[in-house]
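Read through the structure below, which is laid out as structure tokens, and then see the notes.
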Amino acid sequence: MTRPFRSKARATRGVALIFVLWVIALLTLMLGSFALITRTESLQSRHLFDTAKARYAAEAGVNQAVYALSLPDPTQRWIPDGRTYTLQFDDAIVELAITDESGLIDLNAAEPLTLMSLFQSVGVDLQAATSLAEAIVDWRDADDLKQPNGAEDSDYDAEGYPYGSKDAPFDTVSEVQQVMGMDFALFQRIEPALTIYSGQALPNMAFAPQEVLQALPNMDAGLAQSLIEQRHAWSPQAGVVPPVLPDGTPLMVEGGTGTYSIQAKATLPNGAWTELYTTVRLGGAGVSGLAYSVLRWQDGDGR
């Protein structure tokens with residue numbers, strides 16, 4: 001074999017080797033990508049399955065809560081004062097916290113003094129608390145007469161708002177963020193204390209959460225938390241006197257108003273969980289056969 005021919009053969013073999021190496025690298029890359037995609041899709045499918053399973057367990061918890069709130073025997077009926085009830089549904093652990101809506105401050109019915117006390121309890125100064133409380137009243141009332149420190153259309157216009165006072169009841173709790181003077185940080189602090197479903201001017205302290213108790217005169221966060229712990233430790237079967245506020249107001253009552261907020265969290269054995277935030281009214285709102293009607297239904301973040 002001549003030298004030029006041998007050199008050409010070696011060059012051809014070298015090119016073939018490089019080509020084979022490139023093909024192997026490409027196939028390896030494709031195989032790795034396929035394995036990664038397969039694993040990702042498997043994890044996504046598992047996550048969706050776990051989320052759906054936990055969500056249905058949480059829904060089962062809501063239905064169990066409705067049943068327990070409807071029991072005629074007061075010693076067996078669940079108490080809707082924010083205490084946690086735990087049950088097992090299939091292999092999921094469901095935690096339920098129920099609050100009677102009458103224990104919250106109704107944006108459409110509360111007096112300005114009650115609203116002002118709520119704002120002050122979270123650190124708002126007296127002047128700003130008064131203005132916010134009266135602006136809420138001006139927002140919800142049907143007239144255009146301004147409260148002394150409130151806000152009507154002209155005030156919104158002067159501050160550059162693209163809208164004026166609504167002059168109608170609040171449709172959602174989050175709507176209060178549109179009231180002049182309100183900001184998101186303050187809304188986050190007061191949201192747990194608010195409702196639009198009780199229709200009562202004053203909250204029922206037997207069902208009130210800490211955020212509402214703190215708005216009482218001569219009440220601080222520590223005392224409010226202590227009272228709630230005492231309330232949650234009491235049960236109708238205990239045979240002891242229920243706890244009371246410092247002024248003697250009972251912190252326990254039997255039954256409830258029939259409108260409840262239910263927070264249901266379902267956790268699976270692998271740690272995946274889902275939360276539901278609901279507000280329900282017992283009875284089907286005129287629809288025969290329904291145990292309750294849904295006023296609010298919100299899915300929480302599941303993991």
Any hit, region 129-146, residues being closer than 20 Å to THR278 by Cβ and modelled with pLDDT of 95 or more: no
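Quick grid of which residues meet (1) open to solvent by less than 50 Å² (accessible area, probe 1.4 Å); (2) small (Gly, Ala, Ser); (3) closer than 23 Å to LEU227 by Cβ; (4) touching a helix residue (DSSP H, G or I) at 6+ places or on another chain (Cβ under 7 Å):
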| site | (1), (2), (3), (4) |
| --- | --- |
| GLU59 | yes, no, no, no |
| THR86 | no, no, yes, no |
| ILE93 | no, no, no, no |
| THR99 | yes, no, yes, no |
| MET116 | yes, no, yes, yes |
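A quick yes/no check of all residues on (1) in a helix (DSSP H, G or I); (2) β-branched (Val, Ile, Thr); (3) modelled with pLDDT under 80; (4) farther than 30 Å from SER293 by Cα:
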residue	(1), (2), (3), (4)
ARG6	yes, no, yes, yes
ILE18	yes, yes, yes, yes
SER33	yes, no, yes, yes
ILE37	yes, yes, yes, yes
LEU43	yes, no, yes, yes
THR51	yes, yes, no, no
ALA54	yes, no, no, no
ALA58	yes, no, no, no
VAL62	yes, yes, no, no
Selection status of SER261, buried (at least 16 other Cβ atoms within 10 Å of the Cβ), in a strand (DSSP E or B) and modelled with pLDDT of 90 or more: yes
When residues of region 53-93 are limited to those that are more than 19 Å from the chain's Cα centre (by Cα) and hydroxyl-bearing (Ser, Thr, Tyr), the one nearest to GLY103 (Cα to Cα): SER70
Residue in region 181-191 that is touching a Pro at 6+ places or on another chain (Cβ under 9 Å) and either among the polar types (S, T, N, Q) or more than 29 Å from ASP171 (Cα to Cα) (or both) present: no
Index of the failed condition, GLU211 passing every other in (1) part of a helix (DSSP H, G or I); (2) in contact with a Gly (Cβ under 8 Å, 6 or more places away or on another chain); (3) under 30 Å from GLU275 (Cα atoms): (2)
Scope region 86-106; condition in contact with a strand residue (DSSP E or B) (Cβ under 6 Å, 6 or more places away or on another chain) and in a loop (DSSP other than H, G, I, E, B); matching residues: LEU104
Count of region 148-173 residues which are surrounded by 12 or more Cβ atoms within 10 Å (Cβ to Cβ) and in a helix (DSSP H, G or I): 6
Which numbered condition VAL280 misses (of (1) open to solvent by less than 10 Å² (accessible area, probe 1.4 Å); (2) touching an Asp or Glu at 6+ places or on another chain (Cβ under 8 Å)): (2)
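A quick yes/no check of all residues on (1) buried (at least 20 other Cβ atoms within 10 Å of the Cβ); (2) modelled with pLDDT of 95 or more; (3) of a type in the set (Val, Ile, Thr):
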residue: ILE190; (1), (2), (3): yes, yes, yes
residue: LEU202; (1), (2), (3): no, no, no
residue: ARG231; (1), (2), (3): yes, no, no
residue: PRO236; (1), (2), (3): no, no, no
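The values are calculated or read from the model by the stated rules, or taken from the named source; none is laboratory data. Since we're looking at a predicted model, the values are computed, not measured. Here Cβ is always computed from backbone atoms with ideal geometry, including for glycine, and neighbour counts include all displayed protein chains. Accessible surface areas use protein heavy atoms only, side chains included; no ligands, DNA or RNA. Shrake-Rupley method; radii C 1.70, N 1.55, O 1.52, S 1.80 Å.
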